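Written below as structure tokens is the structure these notes are about.
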Amino acid sequence: MAHAKRRLTRPEINDIPGETAPPEGLDPGTPSKQAAVTVLFSVRRGEATMLLIRRAAHRGNHRTEWAFPGGVAEPIDDSLLATALRETHEEIGVPDSLIETWGPLPKVITGTGFEVSPFAGRLCDNARLVLAAEEVDDIAYIPISRLANASARRQITLMRSDITRDWDAIEHEGKIIWGATARIIHNTVSLLAPPESAQTK
């Protein structure tokens, strides 16, 4: 976890492009909407994990999808970080005082025209999650080791706008993570990879 924080707070993090454009071939044009999410790390049973939520079955275009806590920017938000923290509080009941914010991650653009700003941080050990039933119906702590493992990579076929497309995805214990969430994970995991000098020791 200490290594993760060191990597994610380095000054040049904003210069890392990441996978910004939707790889599925959709062209949303210039993003007209802003959204922000929290990428929350937590140690569970001695293993570093990321927290994901499953959107409620009645929640619009992204119902039942695995995602990061967060949502659409509102005029009341002072910043996109404020958006991410407000939405996280609303969805899983964790106030920003129980989140150690580390810094921004590369943005991603969705096929529906959103520019999504992720923010990394650590969920404090004493945080108690209270799910907003109208928005979230489940949570999962996914081990970083699984998210970084090539054996978890999948390709799924879905229909969007009457067009069938292949999407890159991640599988863990029957959970399928795809779309912008999978791209945020890919970008984050690439930042967590230890330097080459450390890998060769």
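The values are calculated or read from the model by the stated rules, or taken from the named source; none is laboratory data. Since the model is a prediction, treat every value here as computed from it, not as a measurement. Note that we place each Cβ from the backbone using ideal geometry, even for glycine, and neighbour counts take in every protein chain shown.
Laid out as a table, the results:
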read-out: Pairs, first closer than 21 Å to Glu115 by Cα and touching a residue at least 12 places away in the same chain (Cβ under 8 Å) in the stretch 84-103, second of a type in the set (Lys, Arg) and assigned to a helix (DSSP H, G or I), C-beta under 6 Å, six or more apart; value: Trp102/Lys5
read-out: Meets criteria (touching a Pro at 6+ places or on another chain (Cβ under 9 Å) and under 22 Å from Arg44 (Cβ atoms)) for Phe68; value: yes
read-out: Flag if Leu40 is at pLDDT 95 or above, in a helix (DSSP H, G or I) and of a type outside the set (Gly, Ala, Ser); value: no
read-out: Counted residues, the stretch 87-114 - those being within 13 Å of the chain's Cα centre (by Cα) and either within 12 Å of Ser42 (Cα to Cα) or part of a strand (DSSP E or B) (or both); value: 3
read-out: Qualifying positions in the stretch 70-98 - aliphatic (A, V, I, L, M), buried (at least 18 other Cβ atoms within 10 Å of the Cβ) and touching a strand residue (DSSP E or B) at 6+ places or on another chain (Cβ under 6 Å); value: Ala73, Leu80, Leu81, Ala84
